[in-house]
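Enquirer: Starting off with a structure, shown below.
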Amino acid sequence: MSIPPLIVRSVRQSWQWQWQRLMSGLGPADDEGNYLRPDSAPLQTSLPEVEDLQKRQPERRPRLLIGRSCPWAHRTWLIVQLRGLGNTLELLTAKADHQEGRWRLEPSWLGCSTLLELYRRCGAEPSLRATVPVLVDPGRSAQHKPRLLGNDSTPLSEALNRWPAAPEAPDLAPEGLRKKIASWQQLLQPAVNDGVYRCGFARNQAAYDRASVAMVEALEELEQSLQHQGPWLCGEQLTLADVRLFPTLIRWETVYAPLFGCSARPLWTLPELWKWRQRFMALPGVEDTCDAEAWRHDYFGALFPLNPGGIVPDAPKLSTLVNSITPSP
């Protein structure tokens, strides 16, 4: 028996109204339906003294808390891997709780079982959102109160690039390339890194179209730059510009294209960008930071307004996806 058209229209209008309310909770938008990342007041990033860090026992070292599915946290994790910071910095992975919409600490740390509890334990203001990545200093001893050293991925990345490391550790922001790194950041942050969310969280077709066009233009600019000035975004040297782009592009086919509608320009149609991603993935320690199953589980499982059925789709193994396809010329 077919459903009467009046019922179809009524249900559709009701669902669209509910969807708009749900999306308002997921992410704010302006009057034209463009997604706006929620305002935040990140902490000022600070670093402990080098001599202090080198004297610490492992259990008293600062912890970098990340979430596997968070691309902003992924940036900082990559720097830890690329610069070999494991001797003075510990890594702690928070788990996304889809039912309560918060990050959980399993096992607990410093008597805290959630990231929010840890923020409060460190004396954070109640208005401060408990987000990853966040760098936490537990203190030199149990008598010292733990404190937050920073929770914004951009200054945290810069701080981790200055973190004590072996002499052979790469400098990802050399003096002569800092202006170029900043220039890429100004393009990529709104159009690509945030652009995927502007597509996925757009409230209407026009807002989506604007985000998609800006994203494609940025991807094509990347392609042209790599073609003439590669192999990395700033030329011969790997920099923070590459680190900031990789977490978005490595999630492209498994999350952003199918869930956020970032499908106007498949990456395999951009051969230089495709090869760039392959090169980055092959760097020591990088593949260990990539968990496509966790990404799909958290994005498709947590973003209910975009995937109300909660079905997590299958996908090819990430290494196969990245390395087996020959991009078109």
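The values are calculated or read from the model by the stated rules, or taken from the named source; none is laboratory data. For clarity, every value in this text was computed on a predicted model and none was experimentally measured. Glycine gets a Cβ as well: all are built from the backbone with ideal geometry, and neighbour counts include every protein chain shown. We work out accessible area using only protein heavy atoms, side chains counted, and drop any ligands, DNA or RNA first. Shrake-Rupley method; radii C 1.70, N 1.55, O 1.52, S 1.80 Å.
Enquirer: So which of Leu267, Leu249, Leu259 ends up being under 17 Å from Val196 (Cα atoms), in contact with a Gly (Cβ under 7 Å, 6 or more places away or on another chain) and of a type outside the set (S, T, N, Q)?
Expert: Leu259
Enquirer: Something else: Looking only at residues in the range 86-97 that are at pLDDT below 95 and surrounded by 15 or more Cβ atoms within 10 Å (Cβ to Cβ), which one is nearest to the chain's Cα centre (by Cα)?
Expert: My answer is Ala96.
Enquirer: Also: Which count do you get for residues in the range 312-329 that are within 20 Å of Arg68 (Cβ to Cβ) and without any contact (Cβ under 8 Å) to a residue 40 or more places away in the chain?
Expert: 6
Enquirer: With the requirement that a residue be open to solvent by less than 10 Å² (accessible area, probe 1.4 Å) and on the phi > 0 side of the Ramachandran plot, what does the range 103-144 give you?
Expert: The one that is open to solvent by less than 10 Å² (accessible area, probe 1.4 Å) and on the phi > 0 side of the Ramachandran plot: Gly139.
Enquirer: Against the condition within 22 Å of the chain's Cα centre (by Cα), surrounded by 19 or more Cβ atoms within 10 Å (Cβ to Cβ) and acidic (Asp, Glu), how does Glu100 come out, does it pass?
Expert: Answer is no for this residue.
Enquirer: Considering Leu118, Leu53, Leu128, Leu85, which residue is farther than 23 Å from Trp252 by Cα and touching a strand residue (DSSP E or B) at 6+ places or on another chain (Cβ under 8 Å)?
Expert: Criteria check complete, one pass: Leu118.
Enquirer: Same structure again: Residue by residue through the range 31-68, note down the ones that are acidic (Asp, Glu) and either more than 16 Å from Val132 (Cα to Cα) or open to solvent by less than 50 Å² (accessible area, probe 1.4 Å) (or both).
Expert: Those that are acidic (Asp, Glu) and either more than 16 Å from Val132 (Cα to Cα) or open to solvent by less than 50 Å² (accessible area, probe 1.4 Å) (or both): Asp31, Glu32, Glu49, Glu51, Asp52, Glu59.
Enquirer: Could you run through the range 270-308 and say how many residues are of a type in the set (Gly, Ala, Ser), touching a helix residue (DSSP H, G or I) at 6+ places or on another chain (Cβ under 6 Å) and surrounded by fewer than 18 Cβ atoms within 10 Å (Cβ to Cβ)?
Expert: Qualifying residue count for the region: 1.
Enquirer: Tell me which helices (runs of 4 or more DSSP H) are completely within the range 152-234 and hold 3 or more residues being among the charged types (D, E, K, R) and touching a residue at least 40 places away in the same chain (Cβ under 8 Å), or say none if there are none.
Expert: Answer list for the range 152-234: 205-229.
Enquirer: Further, regarding this structure: In the range 279-307, how many are without any contact (Cβ under 8 Å) to a residue 60 or more places away in the chain and closer than 16 Å to Ala241 by Cα?
Expert: The number of residues fulfilling the criteria is 3.
Enquirer: Given the conditions (1) in contact with a Leu (Cβ under 6 Å, 6 or more places away or on another chain); (2) more than 30 Å from Thr88 (Cβ to Cβ); (3) at pLDDT below 85, report the number of the one that Leu43 does not fulfil.
Expert: (2) is the only condition that Leu43 fails.
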